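Pasting in a structure now, in structure tokens, and then I'll have a few things to ask.
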Amino acid sequence: MTAAFSAPATSTPTRFSRFSWGVLGYALLVILWGVYLRASGSGDGCGVDWPSCIGSYTIRAGAQTKTFIEYAHRASIGVLILLQLGQIIWGLRSFPRKHPVRFALGASLVFNLLEGWIGRQLVVHKLVAGSTDPDRVYWFVGHQVNTLLLLGSFALIAWWSSGQPLPQFKKQGPFAFMAAFAIALFLGLTVTGAMSALGDTVDPPRNYLNSHEHVMRQALLPTANAVMKSRPAHPYTAVVVAMFLCLVAGLFDHLRPSPMTRRFSYSVWLVLGLQMMI
């Protein structure tokens, strides 16, 4: 029986790993502020200018609240870019070629550049705030998936730089396929979640106690677009995917037993359980 994890070839500097965990935590805060920006309808706070804000790189006195919110988000992204550049330089100097940390560093750079490009398209083409342009769906879904991949690359940098084990896909039989399929389902769930969130932004329910009834009613309207029609599917899709992920985690824990596998399985169950409660 082949273990699901094996230790990396080299250990990593403690200071770098701590810094990387800090970068991951800060990236989470940036993303959460971006969620608030979308939910508050402040995506057009800086107009159609990018990367400047209403033609300026400093916020002007008397600006609207949504301008402060959007400007703060862009400023936080600027800080994240500086942290990432420092992380890349430090990581390249600390780890040898073909080390997994280097791979994760490269992935984080690619996803962050792509994130900036997608953000620019959303702003310049006015696909923010209350926009109902059909093109917004594709850009917004791409934005959500790319954000998840960017966050994952930051997490891998922190994980591998802490000397944690690497996943082993060789000689795993059907388990490698199950793991890949679970990841694909999770990314697919991100797509349905993005469309549901976009629908709530464009057409927020007046009473969240009756939000499901409102969503179903809007989805059945003859004039409903793709976003409105797909909104009711997300909660049910989320339950099915969560059950499958819990099943996969349980199988790995039972058939590939190890302290690391058990920790991952328990983490999956805990996170999904909390998500369902929320």
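Quick one: is residue 80 closer than 22 Å to residue 113 by Cα, within 18 Å of the chain's Cα centre (by Cα) and crowded, with 17+ Cβ neighbours inside 10 Å?
Criteria met by residue 80.
Being in the same structural domain as residue 262 (by TED's automatic domain parsing) and crowded, with 17+ Cβ neighbours inside 10 Å: is that true of residue 189 here?
Considered against the rule, which asks whether it is in the same structural domain as residue 262 (by TED's automatic domain parsing) and crowded, with 17+ Cβ neighbours inside 10 Å, residue 189 comes out as yes.
May I pose another question? Output the number of residues of region 249-260 satisfying the condition of being surrounded by fewer than 19 Cβ atoms within 10 Å (Cβ to Cβ) and in a helix (DSSP H, G or I).
So the count comes out to 6.
Please give the number of the condition residue 97 fails out of (1) surrounded by 12 or more Cβ atoms within 10 Å (Cβ to Cβ); (2) in a loop (DSSP other than H, G, I, E, B); (3) of a type outside the set (Gly, Ala, Ser).
(1)
Which of the following residues is touching a residue at least 40 places away in the same chain (Cβ under 8 Å), assigned by TED's automatic domain parsing to the domain that holds residue 48 and of a type in the set (Val, Ile, Thr): 101, 110?
The match here is 101.
Here's another thing I want to ask about it. Quick one: is residue 121 within 16 Å of residue 47 (Cβ to Cβ) and either among the polar types (S, T, N, Q) or part of a helix (DSSP H, G or I) (or both)?
So residue 121 fits the description; yes.
Right, something else. Please state which one of 116, 86 is over 24 Å from residue 140 (Cα atoms), in a helix (DSSP H, G or I) and assigned by TED's automatic domain parsing to the domain that holds residue 155.
86
So residue 128 clears everything in (1) crowded, with 18+ Cβ neighbours inside 10 Å; (2) part of a helix (DSSP H, G or I) except one condition, right? Which one?
Status for residue 128: all satisfied but (2).
Restricting to region 35-45, give me the number of residues that are among the small types (Gly, Ala, Ser) and surrounded by 18 or more Cβ atoms within 10 Å (Cβ to Cβ).
Count: 3.
The values are calculated or read from the model by the stated rules, or taken from the named source; none is laboratory data. What you see is a predicted model, and the numbers here were worked out from it, not measured in a lab. Note that each Cβ is placed from the backbone with ideal geometry, even for glycine, and that neighbours are counted across all protein chains shown.
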